[in-house]
1. So with the 1.4 Å probe, I'd like the accessible area per residue for the chain, rounded to whole Å².
2. Considering all projection directions equally, how large on average is the shadow of the alpha-carbon convex hull of the range 9-51, in square nanometres?
3. Ignoring ligands, DNA and RNA, what percent of the accessible area of the range 115-231 is carbon or sulfur (1.4 Å)?
4. Expected output is a single nm value to one decimal: the length gained when fully extending between Phe100 and Asp312, i.e. 0.36 nm times separation in residues minus the C-alpha distance. What is it?
5. Under a point-charge model restricted to the Cβ atoms of Lys and Arg (+1) and Asp and Glu (-1), what is the dipole moment magnitude of the range 17-74 relative to its Cα centre, in debye to the nearest 20?
6. Figure the gain on full extension for Lys141 and Glu333 (residue separation times 0.36 nm, minus the Cα-Cα span) and round it to one decimal in nm.
7. With a bin width of 20 angstrom, please list the P(r) values of the chain as percents of all Cα-Cα pairs, from the 0 bin to the one holding the largest distance.
8. Can you pull out the GluC sites (Glu not before Pro) in the range 249-319 whose DSSP state is coil and whose Cβ has at most 12 other Cβ atoms within 10 Å?
Amino acid sequence: MDWVVLEVIHNAGARLDAIRLSDGERKVLFESKHPMPLNAALNPAGTRVLVDAVTHSTLRGRHRSRLGLVNLERLGVGWPSQSLDPKWHLAHGAFDDTGFRIAYEGAHDGVPISDVYVCEVQISGNSVRGEVVAGAGNPQKLGCARPVFLPGGQQLLYLRNTRPDGAWELCLLDLERSGDSAWLLEGRAPSVLSLTLTEGAAVVPEVPVVYCEPLKTAFWAGKTRGGTRQVIRATRLGDRAHRDLGQAHLRVEEICVAPEGELIAYAADGQLWLADTESGAAVALLSGEAEGSHRGLTFDLEGGRLLFCTSDAQGARIRAIRLSDREAEVLHELGDVSVLSLRALPDTLKVNARMSALAEVVTEPRRVVEETPTVVDGELRAALMAELAEEGAAEPQAAAVETPPPRVVEPERPPT
């Protein structure tokens, strides 16, 4: 493991950095002036990163999130067609393992809750062409969130709220079987089969769901009875029952499962824990340390270690724990920032050479790049231009329409 991608929040906004673990060389891939999570998602080839590009409308006094595809091969950002439509708020994008499908949360026309959409994309440079192939609404009209693809890209997990006070259940969307998942979406997406996988799980939606293919099991954070504490829970696909791992905590931050599923690491209550997925027994990894936020948990089995980032009063730093003796070391200091995630880039010669040669990229999230993938009609164009004008952004070049110069008509001479 050589290069990793970090999502950081600082006083001036949010940033996506690439850092080489061997020497600490850093590249800025994307930067936003709004200190809001980017919810970065990396595609399997390590060539694109999905981010929530947040803009702010001064006139309307509100923020809007749209999805951007940061290009790690060629400088720039591509935008799916729905990102160009001011009626949409998009967030929490995810790639499947082929890189040709993405899923995301989408809220349409001012509705305060999100549904889940699946889109097949064709990416060329900074141009993104996509087609919505499935969607999932909520029969209780309380929202859907956090899509996660299963291997193969034909199924995905997502969360659905069942009560106004918050009672989230784990659900499955099957793209190969017909159903009525999108009958509430008013034609915005085709319907496929949707199944509820849990009952009474009380999933915590702020903690991403993690799926382990060798175990056919999903892991998430759930609330205990009474809702005062949180615990790591697991359910095997096809079995609506769930079981608890480790002990109960006040707050779970993040979950990471080893590739073969034998171990699970998670951050909770300012501490790191390592649990056995079979027995559920858990041990603390950072005993005696002051509490901090530990994010970006990543197993590096070739190096026999667990990578993570600690953010506390002394700043942020990339750290590693050797699994053999549980000794922790600091790899790199990151300064006065808060780290939200760490993603490992594929450790190949091509990826490493490309990242080493990559110039620093600072991409304004407000700017719509010139390679716009879709043709914007008159009404949509007017709405988009109005919003971009409020935000002070440049007008997208690809959507421009040439206006011919006015024709000069000479007055007729009076008859002689």
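1. 46 Å²
2. 3.5 nm²
3. Numbers: 2330 of 5060 Å².
Carbon and sulfur: 46 percent of the exposed surface of the range 115-231.
4. Details: separation 212, 0.36 × 212 = 76.32 nm, distance 3.79 nm.
Gain on extension, Phe100 to Asp312, equals 72.5 nm.
5. 360 debye
6. 64.6 nm
7. 25, 56, 15, 3, 1, 0
8. Working: sites: Glu253, Glu254, Glu260, Glu262, Glu278, Glu289, Glu291, Glu302; in loops: Glu260, Glu262, Glu278, Glu289, Glu291, Glu302.
Those satisfying the criteria are Glu278, Glu291, Glu302.
The values are calculated or read from the model by the stated rules, or taken from the named source; none is laboratory data. Here the structure is a predicted model, which means the values were calculated and not measured. Glycine gets a Cβ as well: all are built from the backbone with ideal geometry, and neighbour counts include every protein chain shown. Surface areas here come from the heavy atoms of the whole protein model, side chains and all, with no ligands, DNA or RNA. Shrake-Rupley method; radii C 1.70, N 1.55, O 1.52, S 1.80 Å.
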